[in-house]
Structures are given as structure tokens and as C-alpha cells.
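Participant: Please see the structure below; I have some questions.
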Amino acid sequence: MELKLNRDLFLKSLSHIQGIVEKKNTIPILSNVLIDASNGKITISATDLDIIIIEVIKGEIIKEGSTTTTAQVIYDLVRKLPSGSEILISQKTEGQLSLISAKSNFNLKCLSPKDFPITQDDVEGEALAISSSVFLKLLNKTKFAISNDETRHYLNGIYLHKTNENNQLYLSAVATDGHRLSKSRIVLAKDIAFEAVILPKKTLFELVTILQEENSELKITASKTKIRFTINDVTLISKVIDGRFPDYSKVIPTDNSNKITVNLSSFISTIDRINSLSSDRKGTLKLVVNKDILKLLVNDPSAGDGVEEIILSYSGPDLEIGFNSKYLIDVGGVIEDKNVMIYAKDPSSPVLIHDPADINSLHVIMPMRVA
């Protein structure tokens with residue numbers, strides 16, 4: 001095998017696989033990247049057996065062939081080469097790969113491509129075509145609510161599924177950790193047979209990295225066990241989480257009549273500031289809502305206490321509700337409008353949070369007991 005590659009294009013491809021390849025692996029070949037030059041195409045592949053990424057890159061094939069080499073090593077080397085430089089890659093022996101660029105000359109250890117896991121991209125089902133930027137927004141609106149509790153593995157991802165709401169079809173994404181929930185949806189132009197799946201957290205973050213760099217049409221195909229994403233020359237295939245996502249509709253409030261409207265920037269900056277007095281990791285915060293005034297209070301035995309006031313729009317009964325301040329900050333980070341709307345019922349019931357600029361997203365947060 002012998003190839004000529006542009007350093008920047010090669011680096012971009014290698015950067016995509018860094019989140020997939022396990023640095024410490026009991027199976028050595030899984031720490032490697034597969035470089036294949038055959039049938040007039042150059043492909044870069046990596047897998048951890050649950051996720052596989054395959055990317056076609058441009059370059060000159062001098063001699064066809066394939067090999068694998070340590071993903072982290074070749075990525076670090078290419079990253080440190082000058083931008084725009086040309087790289088010559090050739091295989092000297094089955095166990096050694098030569099990488100030359102200008103006056104840099106490296107010999108890398110290789111493992112046989114015959115040992116690389118067979119890549120299967122046969123995901124049955126109809127492909128859903130959607131704008132990559134729209135789908136990226138869907139993921140970003142919900143990903144922060146994913147659970148880290150491994151004992152409830154079915155919550156360790158985003159639930160992607162079709163919904164029919166008010167005679168309109170949507171692709172909906174939902175994430176919850178049992179204390180909060182975020183839902184966002186995309187209007188579907190036509191009805192397709194899309195299998196409901198739970199997208200694993202690792203796959204999600206790898207996909208977000210790719211979508212942040214690409215602005216094109218994304219094709220999604222889902223089956224009961226796998227999901228495939230294709231955008232430009234990149235294909236990402238992943239196993240999905242085996243489990244039943246809970247009926248989240250039961251926890252979305254429908255009768256929270258007390259509407260609180262507050263300036264988002266003031267709300268989040270105040271929470272962040274007053275949270276400096278909270279020594280516990282939950283950042284316990286009390287919100288006291290009176291007519292046109294929101295008081296935020298923290299009382300921490302070891303750090304002290306504090307109170308701040310924000311002017312708001314509210315005409316309901318007085319309320320006192322405790323929250324994990326991090327949850328409020330996370331939601332605030334995805335609100336697009338200058339204001340945030342909070343619908344409350346009483347101190348012990350979940351609150352519903354809406355973004356006036358995004359009717360297709362909502363957030364639910366469970367309150368906390370605060371003395």
C-alpha cells in the first residue's frame with residue numbers, strides 16, 4: 001500500500017475516530033485504525049465493537065492495500081505536522097508503516113488488517129433525510145438530561161421516536177435522569193417507518209462532534225438493534241440500547257397554571273452568582289415568587305447565606321420552590337429567547353419550562369425540599 005494524503009483532510013478523519021477508539025483495550029486491534037485503499041477509494045475505519053465509523057477521504061492511491069496502526073499515535077503525529085503539508089504513507093512490511101512528510105520520517109507498528117473486526121453496515125429500514133444542523137439542535141436540546149446511573153441503562157441515552165401530536169408527525173428526542181426531562185421534536189414532512197431506538201451516550205457525543213463540522217443532509221436508518229447515520233463521506237453505525245424507555249408523557253405537567261416569565265440572562269447569571277455559596281454538589285437553591293419579584297436564596301451551613309432579587313412578570317399566588325441549581329443552568333443554556341417561561345403548580349410538583357422562541361421543546365424539573 002502506498003498513498004499521498006493532504007494532512008488537513010487526513011487529520012479531520014482521524015479526529016473523528018478518537019472518541020470511539022478505546023485507549024486501553026484488552027483487544028489490541030481495537031486500539032487501531034484501519035486504512036484501506038482499494039477499488040479506487042481510501043477509507044479510514046475504527047470500531048469498539050459497539051460503534052463503527054467509516055470515512056472516505058480524498059487522496060492519491062499509488063499502490064492499493066490495507067493495514068492498521070495505533071489510532072492515537074498516528075493522530076498525534078499528523079496533528080503536529082504543518083497545516084497543508086503532504087503526507088506519503090507506505091507499508092514497508094506487514095508489521096511496519098512508513099509516514100513521511102517533508103523532513104519528517106516515522107515508522108509505525110502495524111497489525112494485520114485480517115484481524116480487524118468485519119464491518120457490517122446492513123441496517124434495514126427506510127432512511128430519514130434531515131438537515132444536519134436541525135438534527136444537531138435536537139440532540140443539543142436534550143443531551144444534558146441523560147442519566148449517568150448505569151443501573152438504569154435504558155436512561156443512558158436519548159430516546160428517538162416518531163410522535164403524532166395534533167395530527168402532525170414529528171421525530172422526537174427525549175432524555176431523562178429521573179429528576180429532570182428534556183424533550184425536543186422536528187416536524188416530519190412525510191410518514192416513514194422509523195424504528196424507535198435509544199441512542200447511547202457515547203454514540204451521541206461522537207455524532208455531535210461530526211455534525212458540528214458538517215452542514216449537509218443527514219440520512220438516518222434505524223432497526224431494532226442498530227442505527228446508521230450518513231453525512232457526506234462519513235458513516236457512523238451504532239448498536240442501540242436494549243431496553244424499554246419509560247412512558248415519559250406521564251411526568252409532563254398539564255395543569256401547571258402559575259406562569260412565571262423572567263429575563264433569561266438575569267436569571268442564569270443570578271443563579272450562577274448565588275450558587276457560589278452552595279458547598280454541596282447539588283447547588284440547592286430556593287426560589288420565592290411574589291408578585292413581580294423573584295427571590296433566590298441559598299443558606300449553606302459551611303459557606304454562608306445569600307439572597308438576590310429579580311423583577312419578573314407574575315400574577316399568581318406566592319410560591320416557594322427548591323431546585324438543583326445545575327438543572328436550571330443546564331436548561332438556561334439551551335433557551336433561545338431572551339425570556340424563559342416557568343409553569344409551576346405547588347412546591348412539591350414538577351415545573352414545566354418553555355422557550356418562547358422554540359415551541360417544539362420543553363423541559364421538566366422535579367423540585368427539591370429546601371428548609
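Participant: Roughly speaking, what is the stretch gain from Ile192 to Val134, that is 0.36 nm per residue apart minus the C-alpha to C-alpha distance, in nm to one decimal?
Facilitator: The span from Ile192 to Val134 would gain 19.1 nm if fully extended.
Participant: For the stretch 253-339, compute Rh as the Kirkwood radius over C-alpha pairs and then the Stokes-Einstein diffusion coefficient at 4 °C and 1.567 mPa s; write the answer in µm²/s, rounded to an integer.
Facilitator: Working: Rh = 13.5 Å.
Translational D for this selection: 96 µm²/s.
Participant: Here's another thing I want to ask about it. Do the sum for the chain: with -39,500 (n - 2.57) for every DSSP H run of n ≥ 4, divided by all residues, what is the mean residue ellipticity at 222 nm, to the nearest 500 deg cm²/dmol? Numbers along the way, then the final one.
Facilitator: Values: 6 runs with 61 residues, N = 371.
For the chain, the value works out to -5000 deg cm²/dmol.
Participant: Filter the GluC sites (Glu not before Pro) in the stretch 74-140 to those in DSSP coil with at most 15 other Cβ atoms within 10 Å of their Cβ, and list the result.
Facilitator: Answer in residue order: Glu94, Glu124, Glu126.
Participant: Another question about this same structure. Among Pro82, Pro113, Pro350, determine the one that fluctuates most according to a GNM of the chain built with springs between C-alpha atoms less than 10 Å apart.
Facilitator: Pro82
Participant: The stretch 82-167: which trypsin sites (Lys or Arg not before Pro) are DSSP loop and have at most 10 other beta-carbon atoms within 10 angstrom? It would help to have the intermediate numbers written out before the result.
Facilitator: Numbers: sites: Lys92, Lys103, Lys109, Lys114, Lys137, Lys141, Lys143, Arg152, Lys162; in loops: Lys103, Lys141.
In loop regions of the stretch 82-167 (DSSP not H, G, I, E or B), the sparsely surrounded trypsin sites (Lys or Arg not before Pro) are Lys103.
Participant: How high is the relative contact order of the stretch 253-365? Use alpha-carbon pairs under 8 Å, at least six apart in sequence, and give a whole percent.
Facilitator: Rounded, it is 31 percent for the stretch 253-365.
Participant: Work from the charge dipole of the stretch 160-315 (Cβ charges, +1 for Lys and Arg, -1 for Asp and Glu, about the Cα centre) and give the residue of Thr270, Asn166, Asn232 farthest towards its positive end.
Facilitator: Asn166
Participant: When 1/r is averaged over all different Cα pairs and the result inverted, which Kirkwood radius in Å belongs to the chain?
Facilitator: Taking the inverse mean of 1/r over all distinct Cα pairs, the chain comes out at 23.3 Å.
Participant: Counting only C-alpha contacts under 8 Å and six or more residues apart, can you give the relative contact order of the chain as a whole percent?
Facilitator: About 13 percent, as a whole number.
Participant: Taking springs between alpha-carbon atoms closer than 10 angstrom, which of Ala145, Ala102, Ala129 fluctuates most in the Gaussian network model of the chain?
Facilitator: Residue with maximal mean-square fluctuation among Ala145, Ala102, Ala129: Ala102.
Computed from the coordinates by the stated procedures, all read-outs in this text should not be read as laboratory data. Just so it is clear, the model here is predicted, and its values are computed rather than measured. Reconstructed Cβ throughout: ideal geometry from the backbone, glycine too, with neighbour counts over all protein chains shown.
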